[in-house]
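Okay, structure first, notes after.
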Amino acid sequence: MYYAGMVIIETITPSPSSQLRSWVERESGQKIFRCYQCGKCTAGCPAAYTMDLTPRQIMRAVQFGLKEEVLKSNTIWVCLHCQTCSARCPQEIDVAKVMESLRLLAVMEKGKAAVEEVKIFHDAFLSNLWRFGRIYELGLGASYNLRSRHFLTNLSMLPGMLSRGKLPILPRSAKGTSRVKAIFSQVYAKEKESEMERKGTA
Amino acid sequence: MASLTFAYYPGCTLHTTAKQYDVSTRLTCQAMDIALEELKDWTCCGASSAHLTNPLLAIALPAKDLQQAEERGLPIAVACAACYFRLKLAAHELSNKATNDLVGEVLGKRIDHIPQVIHLLQVLESKKADIAVKKPLTGLKVACYYGCLLVRPKNTVGFDDKENPQKMDSLIQALGAETTQWNFKTECCGASFVMARSDIMLKLSHRVLSQAQQSGAECVAVACPLCHSNLDSHQKEMNAKFADKVELPVLYFTQLLGIALGLSPRELLFDQHFTNPMPLLKEKGLA
């Protein structure tokens, strides 16, 4: 460690995780080192109040290759993808795209999300889509509640939704559902091919 | 022969929780001589769940619907803002040959003539001079809420200013209503966190409603079914949780258009709202 007055500057040792930045740059197409830490992304972020690492801090962590910190953060899961950060970045970095790439990396590398509920929701959504071609809301709600074990989520909304005729009780498969299933199969087959390649270089 | 014809992509919720948006869209477009031909066998665009877990799926799912519109040879009008973003982004990405080839393999066929993707707000705002107002919305103060995905990212979806958009405002003004000036036009409502992190959704949506109320608005106009649901359906919960009380009816801009065109609140499904708009409409002599 090097002392300069009252400021302690740690020597940052490049780690294998410094491959993080090049992976993220390739995946997101964004130039990570253009970020000069102005903080506009954090200032505009509606979910920053609940994040352990703010968007600005995530960008810094990626610049330094701090993979563990990034993948453990709740940031990449509570990000709403509202695009406010990307819209305001003076360096025109698509910060939302960086978050998306980091989330993909988290899914590929660890399998368990820092905010498990969000991942469970997305899995339940895609499952529902695969099955019915269009979202069957009652099924999605039930599926989410069961998978997450938060059995009472949105239950209080149910009577109001039903009485207003907003919630069909029975599912109806869209005619295009078989095509949707075919798309899923094709996509998973192709993703499997490139997954090993990606994993090896992250 | 209608003056304008579009392939119509409603989005999943418009057949279920957001039926009002679908019904009011069809009725108002019919009244304005705009033909909407619903895509046969359309399927879910994947919304946020596909793009946050699987990038190829995120393009392939909406691409399937784009392909159907291509077969019809029509531009595709989208009601839901999130679906609009997904379809428009897919159309944008398909202009890259490598992406188009890959998606073509997944779908079984390339998309050679990528259809134009347009949001209903764009369609109707562009025809605002042709609106035959039967019942002007005089004295109604409306906060126009755009949310995120109509205006961001600017280079993909943005048909309006990303910080202070005006298109919905100018359409609502053409109906005789007054629109309020406020700073939360494009602040996120909390989107799909209604299940997984409803605490975030409640806080964000409450902020939007509170700001709209402070601007003097008597109601909020929206162009997205998820924004509508988040803002409309949880006001009781918000008032139990936050000190700043809110009570604002939330209406689809097409419902307001419908009223101005002389349609009845009943046919525009005003009885399906959680925060009842009827007292406000009656007060303004609109119902």
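What whole-number distance in Å separates the alpha-carbon centres of segment B:91-134 and segment A:116-138?
The two parts, judged by their Cα centres, are 25 Å apart.
Averaging sequence separations of C-alpha pairs under 8 Å and six or more residues apart, then dividing by the length of chain A, give the relative contact order as a whole percent. Kindly include the intermediate steps, with their values, before the conclusion.
Numbers: 213 pairs, mean separation 35.5, N = 202.
Averaging sequence separation for qualifying contacts and normalising by length gives 18 percent for chain A.
Compute all pairwise cysteine Cβ distances in chain A, then list the cysteines with no distance under 4.7 Å to another cysteine.
A:35, A:38, A:45, A:79, A:89
Measure nothing but the geometry: give the 0 to 90° angle between the long axis through the Cα atoms of B:97-107 and the longest principal axis through the Cα atoms of chain B, rounded to 10°.
Compared with the principal axis, the helix lies near 90 degrees.
What FRET efficiency do you get for residue B:183 and residue A:178 if R0 is 60 Å and r is their Cβ-Cβ distance, rounded to the nearest 0.05? Spell out each step's value before the answer.
On the way: r = 47 Å, r/R0 = 0.79.
The formula returns an efficiency of 0.80 here.
Once each part is reduced to its C-alpha centroid, what is the distance from segment A:165-185 to segment B:38-83 in angstrom?
Segment A:165-185 and segment B:38-83 have Cα centres separated by 14 Å.
Please enumerate, by chain and number, the lysines with C-alpha under 22 Å from the C-alpha of residue B:135, excluding those fewer than 8 residues away in the same chain.
Excluding near neighbours in sequence, the set is B:127, B:167, B:282, B:284.
Tally Lys and Arg at +1 and Asp and Glu at -1 over the other residues with C-beta under 13 Å from the C-beta of residue A:178: what net charge comes out? Working shown, then result.
Values: positive: A:131, A:175, A:179, A:181, B:64; negative: B:41.
Surrounding charge for residue A:178 is +4.
By the scheme Lys and Arg +1, Asp and Glu -1, what is the net charge of all other residues having a beta-carbon under 13 Å from that of residue A:91? Kindly include the intermediate steps, with their values, before the conclusion.
Working: positive: A:31, A:34, A:40, A:56, A:88; negative: A:92, A:94.
Here the count lands on +3.
Find out how many positive minus negative residues lie around residue B:61, taking Lys and Arg as positive, Asp and Glu as negative, among other residues whose Cβ is under 12 Å from that of residue B:61.
Details: positive: A:134, A:179, A:181, B:64, B:86; negative: B:65.
Value of the local net charge: +4.
Over chain B, what is the mean sequence separation of C-alpha contacts under 8 Å (at least six apart), divided by residue count, expressed as relative contact order in percent?
Working: 518 pairs, mean separation 53.2, N = 287.
Value for chain B: 19 percent.
Starting from 0.36 nm per residue, how many nanometres of slack lie between residue A:38 and residue A:109 once their C-alpha separation is accounted for? Walk me through the numbers on the way to the answer.
Numbers: separation 71, 0.36 × 71 = 25.56 nm, distance 3.00 nm.
Full extension from residue A:38 to residue A:109 adds 22.6 nm.
In terms of the Cα gyration tensor, with a ≥ b ≥ c the square roots of its eigenvalues, is segment B:134-287 rounded because a/c is under 1.5, prolate because a/b exceeds b/c, or oblate? Each step should come with its number before you reach the end.
Details: a/c = 1.68, a/b = 1.19, b/c = 1.41.
Oblate shape, in that a/c is at least 1.5 and b/c is the bigger or equal ratio.
Tell me which lysines have Cα within less than 20 Å of residue B:19's Cα, excluding those fewer than 8 residues away on the same chain?
A:166, A:175, B:40
So, R0 is 35 Å and r is the distance between the beta-carbons of residue B:264 and residue B:4; what FRET efficiency does that work out to, to 0.05?
Working: r = 25 Å, r/R0 = 0.71.
For R0 = 35 Å, the calculated efficiency reads 0.90.
Over chain A, how many percent of alpha carbon pairs lie in each 5 Å bin up to the one with the longest distance?
Reading upward from the zero bin: 1, 7, 12, 14, 15, 14, 13, 10, 6, 3, 2, 1, 1, 0, 0.
Amide H to amide H, which residues 5 or more places from residue B:4 or on other chains are under 5 Å from it, using H placed in the peptide plane?
B:35
Under a cut-off of 26 Å between alpha-carbon atoms, report the lysines in cross-link reach of residue A:192, not counting same-chain residues fewer than 8 places apart.
A:67, A:72, A:97, A:110, A:112, A:119, A:181, B:64, B:97, B:109
For chain A, which DSSP H helices look membrane-span-like by this rule: Cα extent along the axis of 20 Å or more and mean Kyte-Doolittle of at least 0.0? It would help to have the intermediate numbers written out before the result.
Values: long enough: A:95-109 (21 Å, 1.01); A:116-132 (24 Å, -0.05); A:177-201 (36 Å, -1.06).
Span-like helices in chain A: A:95-109.
Where a number appears in this text, it was derived from the coordinates with a stated rule and is not lab data. Keep in mind that what you see is a predicted model, and the values were worked out from it rather than measured. For neighbour counting, all protein chains shown are included, and Cβ atoms are generated from backbone atoms with ideal geometry for every residue, glycine included.
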